[in-house]
Amino acid sequence: MQPRISVVIPLYNKERYIEQAVTSALHSQFPVHEVIVVDDGSTDDGPRRVSAVGDPRVRLITQPNSGVSAARNRGIREATGDYIAFLDGDDIWTPEYLPGIVNLIARFPRSGIFATRFFYFRDDGFRQVPRLWRIKATTHPQQIDRFFEIWSRSIFFCTCSVVIPLRILRDFGIYFPEGEQCGEDQDVWFRIAEHWPIGYLAQPLVGYRQGVSGSLSSAYPEDFLPYVQRLRARYHSNTIPKKHRKGVSRLLSLRQLSIARTLLLCGQRRRAIKLLYDPSCLRVPRFWLRLFLAAHLPAFLGRHLIPSE
């Protein structure tokens with residue numbers, strides 16, 4: 001049987017782009033089972049524009065503003081398909097995206113995540129495809145077993161290029177943590193990737209729009225974000241499978257170094273040095289060395305050593 005794919009789109013004040021997002025899902029070369037748009041308390045014309053699409057596969061659900069995680073979780077609970085595909089209200093799919101996903105499902109049915117590469121784009125015509133690390137840039141489907149080793153070096157998919165079996169989300173209670181503003185999607189990927197492989201296609205078939213006012217962007221925290229704290233707790237309690245421990249360890253070290261970098265940029269040198277003297281930071285030696293030197297040189301010299309990312 002062909003997989004039934006439910007598309008979940010959280011919507012909050014994206015009237016300018018929501019029609020394009022919904023249309024990109026409906027015009028896929030593989031037909032979607034349904035498109036569930038969860039209006040999270042929008043104050044613009046976005047919900048009306050969704051209703052005006054006029055396709056019976058589109059369902060508009062409204063709720064008070066509760067955040068993107070609550071909107072996605074509502075979509076998961078309302079879905080009637082076999083798989084959940086996530087799409088944000090200002091992003092797009094190419095027509096070839098879902099056929100690629102369906103091929104992955106057929107090739108790697110035991111995977112917990114099916115995903116493709118993506119590209120960044122802007123309204124001014126900018127387009128960029130992120131580089132891959134130890135993943136072959138091929139048109140052939142592949143299975144990724146050591147997610148964390150790769151993720152600690154490069155992000156090779158985004159929220160809108162991910163499809164997950166609905167049974168995994170519901171049966172194992174894996175939902176987006178509500179009330180968190182950053183990393184809530186990675187929390188879901190981490191919990192799934194710890195126990196299931198990933199079916200992956202290295203073709204950039206999803207567009208991640210940049211430069212949209214009101215969109216969530218990467219933050220530079222001065223402490224571990226909640227999703228990292230939970231990953232660290234699982235690591236120290238030895239619940240992370242053995243094959244993932246090296247990758248998780250490197251990922252945690254990288255997050256700690258990123259915090260040290262933020263502290264240095266904010267002038268909080270003592271707090272940064274305390275983090276840099278943690279031996280675990282040596283798992284990312286080049287990043288650590290630049291920050292270590294920056295922390296011990298005079299500020300006007302050390303600032304030039306701090307990596308830009």
*asked:* Please list, by residue number, every one of the trypsin sites (Lys or Arg not before Pro) in segment 45-118 that is coil in DSSP and has at most 11 other beta-carbon atoms within 10 Å.
replied: ARG110
_Just to confirm a number: summing +1 for Lys and Arg and -1 for Asp and Glu over residues other than TRP196 whose beta-carbon lies under 15 angstrom from that of TRP196, what do you get?_
+4
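What number comes out for the charge environment of LEU297, summing +1 per Lys or Arg and -1 per Asp or Glu over other residues with Cβ under 12 Å away? Provide the component values of the computation, followed by the final result.
Numbers: positive: ARG269, ARG290, ARG303; negative: none.
Combined, the nearby Lys, Arg, Asp and Glu give +3.
If R₀ is 30 angstrom, what is the calculated FRET efficiency for the pair ASP82 and CYS182, using the beta carbon separation as r and rounding to 0.05?
That pair, ASP82 with CYS182, gives E of 0.50.
In the chain, how many lysine pairs have Cα atoms under 27 Å apart, counting only pairs 8 or more places apart or on different chains? Before the final figure, lay out the partial values.
Working: LYS136/LYS242; LYS136/LYS243; LYS136/LYS246; LYS246/LYS274.
For the chain, qualifying lysine pairs total 4.
Evaluate the charge dipole of the chain about its Cα centre and quote only its size in Debye, nearest 20, assuming +1 on the Cβ of each Lys and Arg and -1 on the Cβ of each Asp and Glu.
With Lys and Arg at +1 and Asp and Glu at -1, about 1720 debye.
Given a Förster distance of 25 Å, report the FRET efficiency between ALA233 and GLN63 from their Cβ-Cβ distance, rounded to the nearest 0.05.
Plugging the Cβ-Cβ distance into 1/(1 + (r/R0)^6) gives 0.25.
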*Difference of contour (0.36 nm per residue) and Cα-Cα distance, ARG245 to ASP171*: 24.1 nm
_Relative contact order for segment 46-160, counting Cα pairs under 8 Å that sit 6 or more residues apart, in percent_ = 23
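Work out the FRET efficiency for ALA52 and GLU96 from their Cβ-Cβ distance, taking R0 = 25 Å, and round it to the nearest 0.05.
After rounding, the FRET efficiency stands at 0.40.
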_Mean-position separation - Cα centroids, segment 236-297 and segment 139-188, in angstrom_ = 23
*Distance in nm between label sites at GLN128 and THR23, each 7 Å beyond Cα in the beta-carbon direction?*
2.8
*Would you calculate, for the chain, the mean residue ellipticity at 222 nm contributed by helices, counting each DSSP H stretch of 4 or more residues as -39,500 (n - 2.57) and dividing by all residues, to the nearest 500?*
-11000 deg cm²/dmol
*asked:* Calculate log10 I(q)/I(0) of the chain for q = 0.11, 0.12, 0.14, 0.15 Å⁻¹, where I(q) comes from the Debye formula with a single equal point scatterer on each Cα and nothing for solvent.
replied: -0.72, -0.84, -1.11, -1.23
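Here, each number is a calculation from the coordinates, and none is a lab measurement. Note that the structure is predicted; figures quoted are calculated from it, not measured. Here Cβ is always computed from backbone atoms with ideal geometry, including for glycine, and neighbour counts include all displayed protein chains.
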